[in-house]
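**Student:** Take a look at this one; I'll ask things after.
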Amino acid sequence: MISNSIKLIIVRGLPGSGKSTLAKYLENELNFNHLETDMFFIEDDVYKYDRSRIVEAHNWCYSSTRDLILSGQKVVVSNTFCTNQELERYLDLLSSEQILVIRMCNMYNNVHNVPTEVIESMTSRFEDYQGEILYPKPS
């Protein structure tokens, strides 16, 4: 169960961990607005990634999240968020009691065909965030 006080859910993890799947579930079942940086690259229902625009895409995702929260809406953001620094500006939007951070620990095939060496690089710099919920819970 997710408390009614939660206004922002951050779903983080490596490509192929199930971030988007969980975020879409939360969007449909709990009426959260779903945002992720990948949405910036969708044109006419086709994903067209452009590495040269990644900073612009992350800024779009953040400002869209901020605007929705300021208008009183609930948001779920699903991005890799490998480092705590990448989380910081989102965590500054609300009090900690209003934010839930979930780290996806699954490994499926990633839908954007992120190369193995990129995923290995992300894995090596991935930082734990104190207070995050691991899903699924380690056995």
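The values are calculated or read from the model by the stated rules, or taken from the named source; none is laboratory data. Worth saying up front: this structure is predicted, and the values here are computed from it rather than measured. So basically every Cβ, Gly included, is an ideal-geometry build from the backbone, and we count neighbours across all protein chains shown.
**Student:** Using the structure shown, decide if Gln85 is modelled with pLDDT of 95 or more, more than 13 Å from the chain's Cα centre (by Cα) and under 24 Å from Val118 (Cβ atoms).
**Tutor:** yes
**Student:** Among the residues of region 25-57, which ones are modelled with pLDDT of 95 or more, of a type in the set (Lys, Arg) and farther than 18 Å from Glu86 by Cβ?
**Tutor:** Result: no residue meets the conditions.
**Student:** In region 18-40, which residues are more than 11 Å from the chain's Cα centre (by Cα) and touching a residue at least 40 places away in the same chain (Cβ under 8 Å)?
**Tutor:** Leu26, Glu27, Leu30, Asn31, Phe32, Asn33
Here is a yes/no grid of residues against (1) part of a loop (DSSP other than H, G, I, E, B); (2) surrounded by fewer than 18 Cβ atoms within 10 Å (Cβ to Cβ); (3) among the charged types (D, E, K, R):
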| site | (1), (2), (3) |
| --- | --- |
| Ile2 | yes, yes, no |
| Leu14 | yes, no, no |
| Ala23 | no, no, no |
| Asn28 | no, yes, no |
| His34 | no, no, no |
| Met39 | no, yes, no |
| Asn59 | no, yes, no |
| Thr65 | no, no, no |
| Leu68 | no, no, no |
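**Student:** Sticking with this one: Here are Tyr49, Tyr62: which of them is among the aromatic types (Phe, Trp, Tyr) and touching a strand residue (DSSP E or B) at 6+ places or on another chain (Cβ under 9 Å)?
**Tutor:** Checking each option against the conditions leaves just Tyr62.
**Student:** Considering each residue of region 76-129, count those that are crowded, with 16+ Cβ neighbours inside 10 Å, among the hydroxyl-bearing types (Ser, Thr, Tyr) and part of a helix (DSSP H, G or I), and give that number.
**Tutor:** 1
Residue by residue, here is whether (1) more than 23 Å from Gln130 (Cβ to Cβ); (2) at pLDDT 95 or above; (3) of a type outside the set (Phe, Trp, Tyr) holds:
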{"position": "Lys7", "(1), (2), (3)": "no, yes, yes"}
{"position": "Leu70", "(1), (2), (3)": "yes, yes, yes"}
{"position": "Ile99", "(1), (2), (3)": "no, yes, yes"}
{"position": "Asn109", "(1), (2), (3)": "yes, no, yes"}
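**Student:** Still on this structure, I have one more. Does Asn106 fit the bill of being farther than 24 Å from Ile42 by Cα, in contact (Cβ under 8 Å) with a residue 60 or more places away in the chain and either of a type outside the set (A, V, I, L, M) or touching a Gly at 6+ places or on another chain (Cβ under 6 Å) (or both)?
**Tutor:** For Asn106, the condition - farther than 24 Å from Ile42 by Cα, in contact (Cβ under 8 Å) with a residue 60 or more places away in the chain and either of a type outside the set (A, V, I, L, M) or touching a Gly at 6+ places or on another chain (Cβ under 6 Å) (or both) - is met.
**Student:** Would you mind stating whether Gly72 is part of a loop (DSSP other than H, G, I, E, B) and within 13 Å of the chain's Cα centre (by Cα)?
**Tutor:** So Gly72 does not fit the description; no.
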